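Let me begin by presenting the structure, written as structure tokens, before commenting on it.
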Amino acid sequence: MAANRISRRTFITTATAATIVSLAGCSGQPDDDLGQDQGQTSTENTSTDENVTSTEQQNNGTMENVIYSFSSGRISIIEPQNAEVVAEITEDLDDTGWGDPLLRPDNRRLFVNDGTNAQVIVINTEEQQIETRLDVGPDPAHIYQPLNNEVWTHSDEEGAFYIIDMTDLSVIDKVIAAQENTAHGKLAYHEQLGTTGYATNTNDPGIHVIDLEAKENTGFIETHNEGGTHAEKYNPVSNRLYVEGTGDARTAVVNPDKGSVETHYDLVGQIFNTPNDKYVVWVHEEQGVSVLDAEQGEFVAEISVEGGSDKIFFHEEGDTVYGFTANTQNSKAAVVDFDQLEVVDTVEVGDIHRPEDAPFLHRSGLTADDWFVTPASGDNVVSIVDASARELHKKVEVAEGTEKVAYVGSFK
């Protein structure tokens, strides 16, 4: 078993846009004025990089298989193949702090946290306009869909989940997952766990047991002796929940059937499953990528990644799983081959903005269809990588402060 102790992890915090959320929380005032601006706009292309495109907005009716880029006061909608901004939404977005986005399963609605205004912004992706704004608790950061027709968004100030009906577009309930009614947290769930979810809290030394159907906090499992809990992931092969501790720099391994901790691993970081659930993957800035065989319960690889790896996004090519890291300390993404368990490529994807006073840095991204997409806030571009070829496709110029992206696929 590997023993990897992390001295620090990184997040970006800015006044204008929330990135992937810090432990202290992320980025409230109702606004009934809905609207969009999809008029013709153009931006002069002053870049000398042949891979950077800055095109006149086409507004050509492209609604499906597009990237949504969330910037300061602007949402840019990008058609990835031609690397063109095809529409923009700007009205009433001047004071918006973007948190996580989440798509409805039919791809026709996009729910996005606005930490500045304590709201969830609902975008009609067929009309490409804001449909409504729903008031939730202060500092909404992460957002989830544990049940078929519900959005659960986490208010970091209250340590609570606000529950939204995806069809009625209304807030229907609230579940507190905090011993002191505050702090940043996440939610783990899986169909194998039924209607039980598990919520972390960066102030509490364990996880809250949530009855998702009854919408009740039904218990608490202590996982650490000090500090709180942050990242977590359930793996269906091992039937174990992996819970990161913020105080003792360890990950607890929880048996959900028994509601107890079996052991601890001496490492922390963002936690992921590979698409086939074969591996549990920790991504951390200093050591890179740690890989646990879920069935065997043994670490099988420690993969060094230069550049401050923060997250990993998976792409399947035949039987091979590749992971693209989003790095915070350089302008490259590393490509990890999970058959060979090593870095096989790096791709230039642009740099992020690093505020001097930021205690931590984070970088977002996604994989969808054959693309890996990540924003480069330092260069004001969204980088689109051909995931199959593992090479840069294009960089698309966008507005300042772009640190969140979403992908709207074909309508269902």
Next on the checklist: I'd like to check something: does segment 282-299 contain any residue that is in a strand (DSSP E or B), under 19 Å from the mean Cα position of the chain (by Cα) and at positive phi?
Outcome noted: yes
Checklist entry - What strands (runs of 3 or more DSSP E) completely inside segment 302-358 contain at least 1 residues that are more than 21 Å from the chain's Cα centre (by Cα) and among the polar types (S, T, N, Q)? => result 320-327, 342-348
Checklist entry - Hey, does segment 356-363 have a residue that's modelled with pLDDT under 95 and farther than 21 Å from Gly115 by Cα? => result yes
Checklist entry - Can you tell me which residues in segment 291-312 are crowded, with 24+ Cβ neighbours inside 10 Å and not aliphatic (A, V, I, L, M)? => result Ser309, Asp310
Item to check | Residue within segment 152-163 that is buried (at least 24 other Cβ atoms within 10 Å of the Cβ), among the charged types (D, E, K, R) and over 15 Å from Ile210 (Cα atoms) present | outcome: yes
Checklist entry - Within segment 135-153, is even one residue in contact with a Leu (Cβ under 9 Å, 6 or more places away or on another chain) and closer than 18 Å to Thr62 by Cα? => result no
Item to check | Residue that is closer than 19 Å to Leu392 by Cβ, at pLDDT 95 or above and not basic (Lys, Arg), where the choices are Ala87, Ala83 | outcome: Ala83
Next on the checklist: Among the residues of segment 381-404, what is the count of those that are at pLDDT below 95 and either touching a Phe, Trp or Tyr at 6+ places or on another chain (Cβ under 6 Å) or among the polar types (S, T, N, Q) (or both)?
Outcome noted: 1
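The values are calculated or read from the model by the stated rules, or taken from the named source; none is laboratory data. Just so it is clear, the structure is predicted and the values come from calculations on it, not from any experiment. Methodologically, a virtual Cβ is constructed for each residue, glycine included, from the backbone with ideal geometry; neighbour enumeration extends over all protein chains shown.
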